[in-house]
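Read-outs throughout are calculated quantities, based only on the coordinates presented, and are distinct from any laboratory measurement. It should be emphasised that the depicted structure is a prediction, and the values quoted were computed from it without experimental measurement. Positions of Cβ are backbone-derived with ideal geometry, glycine not excepted, and every protein chain shown enters the neighbour counts.
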Amino acid sequence: MRLCIPASVASALRAQLAAAYPEEGCGLLLGRDGERREVTALAPTANAHAGARATRYLIAPEDFLAAERAARAAGIEVLGFYHSHPDAPPAPSAFDLERAWAYYSYVIVEVAKGVPRELQSFRLRADATGFEPERVEIVAAGS
């Protein structure tokens, strides 16, 4: 499976996560799933975690439901989630694993001293014991 993200969407995602620094920024990936997953839009959300937002994120249930409804109305779906790891590699943490759901893509961006760096995506293994890397392609609009 591969996750295709238009360059303009990837740029907006990186900008949002840089603006959230030094806290984790987050949101939802919207688009179409088929032979490849195609992200067509983002649904940025506030980090609703009540505690250590520099190392944790939470998307409020009402934000998820609103994004899901908007996606359906637009003829697309929620494909996954994205968040940043401030000053840390873009690899899923134990916290990320505890809260992961099957099916979804999980994009993580390293934000080093406020500058977005590496972007990686992962999918939860079928046995839910960890994540598998997901190939990401940043594509030109309309590709």
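A compact table of results
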{"read-out": "Filter result (under 12 Å from His83 (Cβ atoms) and not acidic (Asp, Glu)) within the stretch 106-115", "value": "Tyr106, Val107, Ile108, Val109, Val111"}
{"read-out": "Contacts under 9 angstrom Cβ, first residue in the stretch 120-143 being more than 20 Å from Glu110 (Cβ to Cβ), partner hydrophobic (A, V, I, L, M, F, W, C) and assigned to a strand (DSSP E or B), 6 or more apart", "value": "Leu124/Phe131; Arg125/Phe131; Val139/Cys4; Val139/Ile5; Ser143/Cys4"}
{"read-out": "Selection within the stretch 111-123 - touching a Leu at 6+ places or on another chain (Cβ under 8 Å) and under 18 Å from Arg56 (Cβ atoms)", "value": "Val111"}
{"read-out": "Any chance Gly80 is surrounded by fewer than 14 Cβ atoms within 10 Å (Cβ to Cβ), under 22 Å from Ala140 (Cα atoms) and not basic (Lys, Arg)", "value": "no"}
{"read-out": "Strands (runs of 3 or more DSSP E) contained entirely in the stretch 85-143, each with at least 3 residues that are within 19 Å of Glu23 (Cβ to Cβ)", "value": "105-112, 115-124"}
{"read-out": "Where a residue in the stretch 88-110 is more than 18 Å from Gly31 (Cβ to Cβ) and its partner, wherever it lies, is basic (Lys, Arg) and assigned to a strand (DSSP E or B), with Cβ under 7 Å and at least six apart", "value": "Glu110/Arg117"}
{"read-out": "Residues of the stretch 101-119 satisfying the condition of being crowded, with 19+ Cβ neighbours inside 10 Å and of a type outside the set (S, T, N, Q)", "value": "Tyr106, Val107, Ile108, Val109, Glu110, Val111, Pro116, Leu119"}
{"read-out": "Hits in the stretch 100-123 - residues which are under 15 Å from Leu3 (Cα atoms), of a type in the set (A, V, I, L, M, F, W, C) and touching a helix residue (DSSP H, G or I) at 6+ places or on another chain (Cβ under 8 Å)", "value": "Val107, Ile108, Val109, Leu119"}
